[in-house]
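Input: a single structure, listed below in structure tokens.
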Amino acid sequence: LYVDEGRVEEGLTLLKNSANRGNVWAMRQLGLFFDRQEDMSLAEYWWRKSSNLGDEVSMDRLGDLYEEAGDLAQAQFWWEKGSDLGNAWSMASLGLLKKRSGLDQEGGDLLMKAAALGNSWAMRQMGILKMEEGDKVGAEFWWQKAAELDDDWSLRQMGTLKMEEGDKVGAEFW
């Protein structure tokens, strides 16, 4: 709210005071703020603090941060911690990492678990993997599920699939 009103410093001061008193939500918000400011060291600092207090959302964000930095071992470490606490985003990211690393069954199981929890990104990734395997029906199944959850990319893919099939009405629907 403070940031939206242009009172950034005041908002940061309040968040930092709250975070320094142990408020995990405030720590996570500080991590998000510094991530948007592209200050990765401060984003990491705050996410690590909240992760160490059991915040699975921050664990997932740390995994993303490390993946973007090319440190897949650290990304895997944090996604595993988040996944163990039930974070569907961590499950999906870890599942895709494992699939890409050749651990097909384990990775697929994690993606399926994340999809079952309603994670549209996991559904999208399942569709991509199915298409890479040559399973167009399977890809369409997963992209449709993700599209029904308003996943923009999957909506476009469904439209493209329908156009390729000559189904203009179906393409327009998606």
Requested in this report: May I ask you to say which residue of 86, 102, 54, 107 is in a helix (DSSP H, G or I), surrounded by fewer than 24 Cβ atoms within 10 Å (Cβ to Cβ) and either at positive phi or touching a Lys or Arg at 6+ places or on another chain (Cβ under 6 Å) (or both)?
Outcome: 107
Report summary line: Here the residues within region 127-154 that are buried (at least 18 other Cβ atoms within 10 Å of the Cβ), assigned to a loop (DSSP other than H, G, I, E, B) and not charged (D, E, K, R) are none
Report task. Can you give me the number of residues within region 150-174 that are closer than 15 Å to residue 128 by Cβ and of a type in the set (Phe, Trp, Tyr)? Result -> 1
Report task. Take residue 40 and decide whether it is among the aliphatic types (A, V, I, L, M) and surrounded by fewer than 17 Cβ atoms within 10 Å (Cβ to Cβ). Result -> yes
Report task. Kindly indicate which of 169, 137 is without any contact (Cβ under 8 Å) to a residue 60 or more places away in the chain, under 26 Å from residue 102 (Cβ atoms) and not aromatic (Phe, Trp, Tyr). Result -> 137
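Which of the residues spanning region 155-174 are of a type outside the set (A, V, I, L, M, F, W, C) and either surrounded by 14 or more Cβ atoms within 10 Å (Cβ to Cβ) or in contact with a Leu (Cβ under 6 Å, 6 or more places away or on another chain) (or both)?
157, 159, 162, 167, 170
Per-residue answers, yes or no, for (1) among the hydrophobic types (A, V, I, L, M, F, W, C); (2) under 22 Å from residue 92 (Cα atoms); (3) not in a helix (DSSP H, G or I):
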| residue | (1), (2), (3) |
| --- | --- |
| 13 | no, no, no |
| 19 | yes, no, no |
| 31 | no, yes, no |
| 38 | no, no, yes |
| 50 | no, yes, no |
**Report entry** Failed item in (1) closer than 19 Å to residue 129 by Cβ; (2) out of contact with any Asp or Glu (no Cβ under 7 Å at 6 or more places or on another chain), with residue 15 passing the rest
**Finding:** (1)
Requested in this report: Determine whether residue 65 is within 19 Å of residue 88 (Cα to Cα) and either out of contact with any Gly (no Cβ under 9 Å at 6 or more places or on another chain) or hydrophobic (A, V, I, L, M, F, W, C) (or both).
Outcome: yes
Requested in this report: Would you check which residues across region 21-37 are open to solvent by 60 Å² or more (accessible area, probe 1.4 Å) and either among the aliphatic types (A, V, I, L, M) or modelled with pLDDT under 95 (or both) and list them?
Outcome: 36, 37
**Report entry** Near pairs, Cβ below 7 angstrom, 6+ apart or cross-chain, from region 12-24 (closer than 22 Å to residue 59 by Cα) to any residue that is open to solvent by 70 Å² or more (accessible area, probe 1.4 Å)
**Finding:** 24/53
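The values are calculated or read from the model by the stated rules, or taken from the named source; none is laboratory data. Nothing here was measured: the structure is a model prediction, and the numbers come from that model. Here the Cβ is made from the backbone with ideal geometry for all residues, glycine too, and neighbour counts use every protein chain on show. Remember, those area values only see protein heavy atoms, side chains included, never the ligands or the DNA or RNA. Shrake-Rupley method; radii C 1.70, N 1.55, O 1.52, S 1.80 Å.
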